[in-house]
Amino acid sequence: MSNAEKTLHPDEKFKAGKLSGAVTKTGAGLAAVGFVISLALGAGAGDHWKRFFYAYLTGWSFILSIAIGGLFFVMLHHLVKARWSTVVRRLAEVVASTFPIIFITGLGFVIPLVAGYGDLYYWAHHDAHNHEINHHLISKLGWWLNPSYFSVRYVLYFAIYFGMARYFVSKSRLQDETGDPELSTRLRVLSAPLMIVFAFTTVFISFDLLMSLAPKWYSTIFGVNFFGGANIAFFATLILLSLVVQRSGRLTRAITTEHYHDLGKWLFAWTFFWAYTAFSQFMLIWYANIPEETVFYQYRMFSEWQWVSIAVLVGHFAFPFVFLLSRWTKRILPSLTFFAVWQLVFHWVDLYWNVMPNLFWDKAHVTGHDGKVVELMAGPLMGNPSLHTVGFSPVDVTLWIAMIGVFLLSVGRALNGNLIPVKDPQLPSSLSFENY
Amino acid sequence: MDNHNPNEDAQREPDPSNAEDAANGDLYGVLAEFDTPGELIDAARKVRDAGFTEFDCYSPFPVHGIDDAMGIKRTVLPLLVFGGGCAGLLLGLLLQWWTNAYDWPWLISGKPFWSVPANIPIGFETTILLSVFTTFFGMWILNRLPQVWHPFFRLDRFARGTDDAFLLGIEARDGKFQAASTTELLKGAGAIAVEECYLDARPESKKLPAWVYGFIVSTGVLALVPFAIIAKARASTSTEPHYHIFGDMDFQPKVKSDATFPLFADGRGNRGELTGTIPRGGLNADDVFYRGLVRTEGVVDASWTTELPPSLEVDMKLLERGRQRYDIYCSPCHGYDGRGNGAIPRRVQAGGGAWVARNLVDPQGAVAKMPNGQLFNTISNGFNTMMGYAAQIPHLDRWAVVLYVRALQRAQNAGPQDVPADCRNEVR
């Protein structure tokens, strides 16, 4: 009952304690095993590490999107002065604290890019700047898409993310000690302008990291779609993280079915949001049917990739949508856990579907001044049907697991001190929250 | 529909012992008042535990937890809404299939008559529409709304249920109900007052007032009038002209293009240009610039100019403009390099068809030998299967294209002599 506000139960365990070490070690183990196997697979593939780097980018985008979702949720919580979510806000802050290690992991492909590796991003490839095959690319996009400016933006994006996350987390932890309600007010006032900064950062980081893989294809809603997927992944992660924390005997009374129900609602809502934006992107391109845009879907609809497309449509949207509609699938924890894991897996499939088709580059033959025919790389999405293959490789999965390890390692390091904002003025009403 | 009787107010005192009152009939139930929402919830739980089912709670605002305390089961409304949503989706798709693919096939954007991606937005809307309708009307029906009269309205206390009182009413038809013991139960549950409520015994209270019947009948008849007018119009013929609301808009004193007009000898509405006049801006006297022709004194037939019009200022800006227009209008067939290998011929050839676009830069080809004026005329008026571009490309831009085609011919057939002497070593 909302009119009987609760306080934290005196027997409640809300300190991270040994949980931090356990999560960190699990993550470090996964990451170590994953990277060793992946490096072995990458070295043996003989494709100049191309597949390795594409899989690396897919897995890394996966954990980046979770952290982005975490930061968004923390900011949204303050922006709307949310009450129910106060009990899980510290866990969301833990997820948002993972940016530094994700930044370092991302250097794994940014440093090679700056050093001249051209097989990941076509715009960084030498042949992309040949006027015979790409004169628009260099004249219109070259100033934005080049390794040095890309790396500057990479640092900038993470500086913004890290700065915002750091601010919100440190002020929240400061309130644990002082109990000053002014801190909540200050965070709420700041969250509005910072939300605008967050929106632009997220849209542009998705353009740069993922959409620029096919530099001649563009979709303005791509960033919004990425943001939707990021939130699906984050809420699935938050549900699982809450369950892990409770399984370890902590916060067993604070987080109730009511909170899981609301987290389930968020999972459902973002599932639909993601589908809405994905369809918006599809329908405009399908209707206009302009070759340079349609090729994106032609590739994914009329080749082996159609099965992945159907899997994304059914697995990431239709199936979870229909089942998460019900109140009970969100309130019965085993079923909620199932859908959280399911949506995390399909979020990765969705990223895979976005990234991997760009791996297969077409070739172009250009006659030089001396009459010799030279073979050049013409880049991804050139409409050559013989290249429309999935070409699944084990390294895709091993790197994903390694990245999950990196994420757990990072979460484990951030899991310290209080697992709940003990002196937040909204905590009592969050503890007594019920759905009606 | 409260047939309010001022004399009755005196009888409606909050005194439950007023049983010998002539207007009062059977006992309807008892109404108890509580001080706080919390007490109401506790009382509701006690009443439920005592086995009552025919009771309800009334409060100025929704009291959380009251459903649970009263033992009300979860509503089936969500299931109905799910069904309504599914029906909305199916009906939305059916509507689009029937209208666009079956009853009146209509080709839009070269898509199939029935193409599901295009139907999704409408299907989405109709899903929401029927979900919302089911939610709204389902809620009314399940709650038996609208309810315009309730026996408790006879108690003044009941009106305070929308203001500051938390009320619980138990109906006498409940099997467990006994006036005395039920009142005791409610008082024991913390009621600050318990009041009995009697039905109105007067025979007229059982009937609707006469004016309500009049209103319903007259509204029903009026609602039929438009349908009657439509039915009459469809079933009969009329010599009356249409009724025109904006007559001066429907009938304007002008002759429409290509219509007949008996006033003129030829009976046509179109008059053409008057002899000896030229439309404003239509003189185009410069034969070289507008038609690519030069006339020589004493020669009847004009010939194609081999030069560019003298009024043309040839510079890089004009050449750049020509390149841009060429890339837009000419390159799809003739190719960016002018060799006739544009996207369209290549696509047709890839599909096994034969479509040849002329090679504009072949030094032995017709275009290289064509005078500038003829090239200009070809761009303007077309040639063979090529349509004319006079409507799309203005005169000056057409000359810019001529200039660019000449530049292409030069560039595509360049030899070592075209390279400046000081750079020749760099070219191999």
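Here is how the numbers come out for the structure above:
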read-out: Matching option when the condition is crowded, with 19+ Cβ neighbours inside 10 Å, of a type in the set (Val, Ile, Thr) and more than 30 Å from A:Trp143 (Cα to Cα), among A:Thr252, A:Thr201, A:Thr271, A:Thr256; value: A:Thr271
read-out: Residue satisfying condition, being within 19 Å of A:Ile66 (Cβ to Cβ), in contact (Cβ under 8 Å) with a residue 12 or more places away in the chain and within 12 Å of chain B (Cβ to nearest Cβ), within set A:Ala278, A:Ala340; value: A:Ala278
read-out: Sole residue being of a type in the set (S, T, N, Q), free of Cβ contacts under 8 Å to residues at least 40 places away in the same chain and either surrounded by 15 or more Cβ atoms within 10 Å (Cβ to Cβ) or touching an Asp or Glu at 6+ places or on another chain (Cβ under 8 Å) (or both), chosen from A:Ser191, A:Ser172, A:Ser184, A:Ser206; value: A:Ser206
read-out: Of the criteria (1) of a type outside the set (Gly, Ala, Ser); (2) under 30 Å from A:Thr256 (Cβ atoms); (3) touching a Leu at 6+ places or on another chain (Cβ under 9 Å), which one A:Val395 fails; value: (2)
read-out: Residues that are within 14 Å of another protein chain (Cβ to nearest Cβ), among the aliphatic types (A, V, I, L, M) and under 21 Å from A:Arg327 (Cα atoms), drawn from segment B:77-134; value: B:Leu77, B:Leu79, B:Leu80, B:Val81, B:Ile128
read-out: Conditions (1) acidic (Asp, Glu); (2) over 23 Å from B:Ala411 (Cβ atoms); (3) surrounded by fewer than 13 Cβ atoms within 10 Å (Cβ to Cβ); number of the one not met by B:Asp287; value: (3)
read-out: Residue in segment B:46-76 that is nearest to the chain's Cα centre (by Cα), counting only those that are touching a residue at least 24 places away in the same chain (Cβ under 8 Å), buried (at least 16 other Cβ atoms within 10 Å of the Cβ) and within 14 Å of chain A (Cβ to nearest Cβ); value: B:Val63
read-out: Wholly enclosed helices (runs of 4 or more DSSP H) of segment B:202-317 bearing at least 1 residues out of contact with any strand residue (DSSP E or B) (no Cβ under 8 Å at 6 or more places or on another chain) and modelled with pLDDT under 90; value: B:210-235, B:247-250
read-out: Which numbered condition A:Val245 misses (of (1) in contact with a helix residue (DSSP H, G or I) (Cβ under 6 Å, 6 or more places away or on another chain); (2) β-branched (Val, Ile, Thr); (3) surrounded by 19 or more Cβ atoms within 10 Å (Cβ to Cβ)); value: (1)
read-out: Residue in segment A:381-403 that is surrounded by 22 or more Cβ atoms within 10 Å (Cβ to Cβ) and outside any helix (DSSP H, G or I) present; value: yes
read-out: Members of segment A:103-144 that are part of a loop (DSSP other than H, G, I, E, B) and more than 23 Å from A:Val374 (Cβ to Cβ); value: A:Ala115, A:Trp143, A:Trp144
read-out: Unique residue being free of Cβ contacts under 8 Å to residues at least 12 places away in the same chain and either buried (at least 18 other Cβ atoms within 10 Å of the Cβ) or within 14 Å of another protein chain (Cβ to nearest Cβ) (or both) when the list is A:His347, A:His369; value: A:His369
read-out: Filter result (of a type in the set (Val, Ile, Thr) and not in a helix (DSSP H, G or I)) within segment A:263-313; value: A:Ile290
read-out: Yes/no for A:Phe62 being of a type outside the set (A, V, I, L, M), closer than 27 Å to A:Val36 by Cα, modelled with pLDDT of 95 or more and in contact with a helix residue (DSSP H, G or I) (Cβ under 7 Å, 6 or more places away or on another chain); value: yes
read-out: Extreme residue, nearest to the chain's Cα centre (by Cα), among residues of segment A:314-332 that are in a helix (DSSP H, G or I) and away from every other protein chain (no Cβ under 13 Å); value: A:His316
read-out: Number of positions in segment A:320-332 that are buried (at least 16 other Cβ atoms within 10 Å of the Cβ), farther than 16 Å from A:Tyr276 by Cβ and in contact (Cβ under 8 Å) with a residue 12 or more places away in the chain; value: 3
read-out: Single residue of segment A:281-295 satisfying the filter (surrounded by 16 or more Cβ atoms within 10 Å (Cβ to Cβ) and closer than 24 Å to B:Gly123 by Cβ) that is nearest to the other protein chains (Cβ to nearest Cβ); value: A:Trp286
read-out: Flag if A:Ala378 is loosely packed, with under 15 Cβ neighbours inside 10 Å and either modelled with pLDDT of 95 or more or part of a strand (DSSP E or B) (or both); value: no
read-out: Check on B:Gly92, in a helix (DSSP H, G or I) and either farther than 27 Å from A:Ile285 by Cβ or among the acidic types (Asp, Glu) (or both); value: no
read-out: Any hit, segment A:166-176, residues being within 17 Å of A:Phe72 (Cβ to Cβ), in a helix (DSSP H, G or I) and of a type in the set (S, T, N, Q); value: yes
read-out: The lone exception for A:Glu5 - which of (1) away from chain B (no Cβ under 14 Å); (2) outside any helix (DSSP H, G or I); (3) surrounded by fewer than 18 Cβ atoms within 10 Å (Cβ to Cβ); (4) touching a residue at least 12 places away in the same chain (Cβ under 8 Å) it fails; value: (1)
read-out: From A:Gly21, A:Gly27, A:Gly42, A:Gly34, residue being assigned to a helix (DSSP H, G or I), in contact with a helix residue (DSSP H, G or I) (Cβ under 9 Å, 6 or more places away or on another chain) and surrounded by 23 or more Cβ atoms within 10 Å (Cβ to Cβ); value: A:Gly42
read-out: Residue list for segment B:42-66, filter: part of a loop (DSSP other than H, G, I, E, B), hydrophobic (A, V, I, L, M, F, W, C) and within 18 Å of B:Val194 (Cα to Cα); value: B:Ala50, B:Phe52
read-out: Check on A:Ser303, in contact with a Pro (Cβ under 9 Å, 6 or more places away or on another chain), surrounded by 15 or more Cβ atoms within 10 Å (Cβ to Cβ) and within 14 Å of chain B (Cβ to nearest Cβ); value: no
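Conditions tested, residue by residue: (1) outside any helix (DSSP H, G or I); (2) under 32 Å from the mean Cα position of the chain (by Cα); (3) under 30 Å from B:Asp56 (Cβ atoms); (4) among the small types (Gly, Ala, Ser).
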position	(1), (2), (3), (4)
B:Thr99	no, yes, no, no
B:Trp106	yes, yes, no, no
B:Ser109	yes, yes, no, yes
B:Pro112	yes, yes, no, no
B:Leu129	no, yes, no, no
B:Thr134	no, yes, yes, no
B:Gly161	no, no, yes, yes
B:Arg173	yes, no, yes, no
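Results for (1) among the small types (Gly, Ala, Ser); (2) over 49 Å from the mean Cα position of the chain (by Cα), shown as yes or no for each residue.
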position: B:His334; (1), (2): no, no
position: B:Val356; (1), (2): no, no
position: B:Gly388; (1), (2): yes, no
position: B:Leu396; (1), (2): no, no
position: B:Trp399; (1), (2): no, no
position: B:Gly415; (1), (2): yes, yes
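The values are calculated or read from the model by the stated rules, or taken from the named source; none is laboratory data. If you're wondering where the values come from, they're calculated on a predicted model, not measured in any experiment. In this analysis, Cβ positions are derived from the backbone assuming ideal geometry, glycine residues included, and neighbour counts consider all displayed protein chains.
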